[in-house]
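Notes follow the structure.
The values are calculated or read from the model by the stated rules, or taken from the named source; none is laboratory data. Only a predicted model underlies this, so the values are computations on that prediction, with no experimental measurement involved. Here the Cβ is made from the backbone with ideal geometry for all residues, glycine too, and neighbour counts use every protein chain on show. What goes into the accessible areas is simple: the full protein's heavy atoms, side chains included, and nothing from ligands, DNA or RNA. Shrake-Rupley method; radii C 1.70, N 1.55, O 1.52, S 1.80 Å.
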Amino acid sequence: MFRPSDREKCRRLFERYYAGRKFGDTLYREAIRQRLGAGQRLLDAGCGRYMKFSKDLAGSAQVVGIDLEPALETQNRAAPFGVRGDLGRLPFPPETFDVVISRSVVEHLPDPLQVFREFYRVLKPGGTLVIITPNKYDYVSLIA
């Protein structure tokens, strides 16, 4: 149970360090949108079952998601569409994507170096890789 003085301390800390700032998904989405133009191709590496994040980004770009998730819908060929596969052996030709994103996936990889090699291989020259991972002190990480 918080005492009134604890609540005030929390409010002051929030105002000092967090008020008015953007964090997490907001910054991540902005970073991607700044780098993704009309007609470009984006790979969402580790997109998850529903590709919700990718669908929000699609717009005028071509979005492809890849995940090991058995329930990933792979029959849909409308943008974005999903591919079931291993990030360490991407089933795409070299220089296919303008942007590769990966959200809360890298920390689970058994061989991150191999996956980074694959990201490099499928990125076009001058392409962008945008990765977000949890901070080890993030509340979700601490609980896990």
**Complete:** For segment 70-94, pairs from a residue that is modelled with pLDDT under 90 to a residue that is among the charged types (D, E, K, R) and part of a loop (DSSP other than H, G, I, E, B), with Cβ under 7 Å and 6 or more apart or across chains, are A71/R49; L72/R49; G82/E73
**Complete:** Reported set for segment 38-55 where residues are at pLDDT below 75, open to solvent by less than 70 Å² (accessible area, probe 1.4 Å) and assigned to a loop (DSSP other than H, G, I, E, B) is M51
**Request:** Just give me the residues in segment 84-105 being open to solvent by less than 30 Å² (accessible area, probe 1.4 Å) and either of a type outside the set (S, T, N, Q) or at positive phi (or both), in sequence order.
**Result:** G85, L87, G88, L90, F92, F97, D98, V99, V100, I101, V105
**Message:** Based on this model, can you work out whether R117 counts as of a type in the set (K, R) and either modelled with pLDDT under 95 or open to solvent by less than 30 Å² (accessible area, probe 1.4 Å) (or both)?
**Reply:** no
**Request:** Mind listing whichever residues of segment 100-135 are without any contact (Cβ under 8 Å) to a residue 24 or more places away in the chain, assigned to a helix (DSSP H, G or I) and touching a helix residue (DSSP H, G or I) at 6+ places or on another chain (Cβ under 7 Å)?
**Result:** P112
**Prompt:** In segment 15-37, what residues are at pLDDT 80 or above and not in a helix (DSSP H, G or I)?
**Reply:** L36, G37
